[in-house]
Amino acid sequence: RSHFVSRPPSDITTNVMSVCAAAVVPTSFHAGAGSKAPVATRCVTSCARGTTNANGVPTAKTHPDRSLSFTKTAPASRARGQSITTKALAEAASKKIKIQAPPNAEVTTEYWQWEGHTIRYTKSGDAGPPLVLVHGFGGNADHWRKNTPVLGKHCRVFAIDLLGYGFSSKPDPMSSPQNEIYNFENWSRQLRSFVDEVVKEPAFLACNSVGGVAGLQAAVDDNTKVKGVILLNISLRGLHVSKQPALAKPFIKLLQTTLRTTDVGRKFFGNVARAETVKSVLREAYGDPTAVTDELVECILKPGLQPGAAEVFLDFISYSGGPLPEDLLPQIDGGKTPVRILWGQKDPWEVVTEGRKYGAYPCVDRFIELPGVGHCPMDEAPDLVNPLLLEFVNDYK
């Protein structure tokens, strides 16, 4: 625990690797979080509960001690595309009246066969623009349980388990070359096939953490299937080989190989895959530790105890190649596939000072900071996030 608190902030895989390093080598190596992105010019408007932004657009409902910071301006179409719900919330706040929210949409669990694998997803809503929700490392569709039924009142919503996670199939990565199965190119292919075969029309993607890299890769690979991408605390990929300090690289490689190929890794996973450990790690990641409930721990831990989960975990923490967000963002045409970024300011793994740099890329229309929120804003602050997701969809539907 003390190692989690005292080390410099980085992403979740670096967090895991730093714990391993503390146990295996005398010095833990922090992978630098440098970025090739240009520095964004800051032009920030703070928006409190029930107010409007610089363009006269009602903001999302916020926690009493939270406000939203916006970088860049909204599209000119925003005022025309705002949802009735968002507008009504703002009007109610200004008049100090209460609105009776419509009941949440029903959520169902479905299964889809993809390339010989079973993929679990949850679904809500029968009409409106399609929105696919993509979880992060160690997560699954249930991490969006506070979003799916609310968004389903306005959209056709699908929360998917990526291959290897949740209740989707977990093919053994140890029988294949390292990182051949669990990588962003394969997850991109899974998302694009899902849009084709299940959604059946181009969709918006909302992605958390490493799921954001998969979403960006899907947009790069085929922008005709992705109408827009909204990123929530996308992974900086601090363990990427290009971000590792030169002197640390051989030790990190040795540690990754040891964990992936020996019993040390299985014992380490056994220690991680316990309720008290999961709760401790999540409390580190959330801005408000009280948001880490027993229900959340069970949602994360239960599928993580399935056969094959340990091998997926150990294979992915050895993944130091593949694309970075700063590699993918310049390849996206914002006119065809707009990107919006939400960032919890209290994220200790993906620090907001690095995240802001992504807001300068031409494809990014806005960079929105969420004060008091950590690494998983959709779960920690759904009252903030749900209206922002709907706003993005309405802007570009």
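The values are calculated or read from the model by the stated rules, or taken from the named source; none is laboratory data. Since the model is a prediction, treat every value here as computed from it, not as a measurement. Please note: Cβ atoms are built from the backbone with ideal geometry, for glycine as well, and neighbour counts cover all protein chains shown. With ligands, DNA and RNA removed, areas are computed over all heavy atoms of the protein, side chains included. Shrake-Rupley method; radii C 1.70, N 1.55, O 1.52, S 1.80 Å.
The table below lists the values:
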{"quantity": "Percentage of interatomic Cα-Cα distances in region 240-299 larger than 19 Å", "calculated": "53"}
{"quantity": "Relative contact order, percent, region 184-341 [alpha-carbon distance under 8 Å, six or more residues apart]", "calculated": "29"}
{"quantity": "Dimensions in Å of region 310-350 - Rg and Dmax from alpha carbons", "calculated": "14.7, 41"}
{"quantity": "Chain lengthening between Trp114 and Glu201 when straightened (0.36 nm per residue, less Cα-Cα)", "calculated": "29.6 nm"}
{"quantity": "With DNA, RNA and ligands ignored, accessible area of Thr109 (1.4 Å probe; Å², nearest 10)", "calculated": "80"}
{"quantity": "Rounded Å value of the spacing that divides the Cα centres of region 108-178 and region 254-280", "calculated": "25"}
{"quantity": "Dipole in debye (nearest 20) - region 226-286, about Cα centre, beta carbon charges: Lys, Arg +1; Asp, Glu -1", "calculated": "140"}
{"quantity": "R0 of 25 Å, Cβ-Cβ distance Ser242-Asp222: FRET efficiency to nearest 0.05", "calculated": "0.45"}
{"quantity": "Listed residue (Pro323, Val385, Pro307) projecting farthest to the positive dipole end of region 275-393, Cβ model", "calculated": "Pro323"}
{"quantity": "Net charge of neighbours whose Cβ lies under 10 Å from the Cβ of Gly355, counting Lys and Arg as +1 and Asp and Glu as -1", "calculated": "-2"}
{"quantity": "Pairwise label distance in nanometres, Glu276 with Asp294, each label 7 Å out on the Cα-Cβ vector", "calculated": "1.6"}
{"quantity": "Over region 134-175, relative contact order from alpha-carbon pairs under 8 Å, at least 6 apart, %", "calculated": "41"}
{"quantity": "Percent carbon-and-sulfur accessible area, region 246-337, ignoring ligands, DNA and RNA, probe 1.4 Å", "calculated": "59"}
{"quantity": "Protection proxy ranking of 202-213, 279-290, 228-239 - average other beta-carbon atoms within 10 Å, highest first", "calculated": "228-239, 202-213, 279-290"}
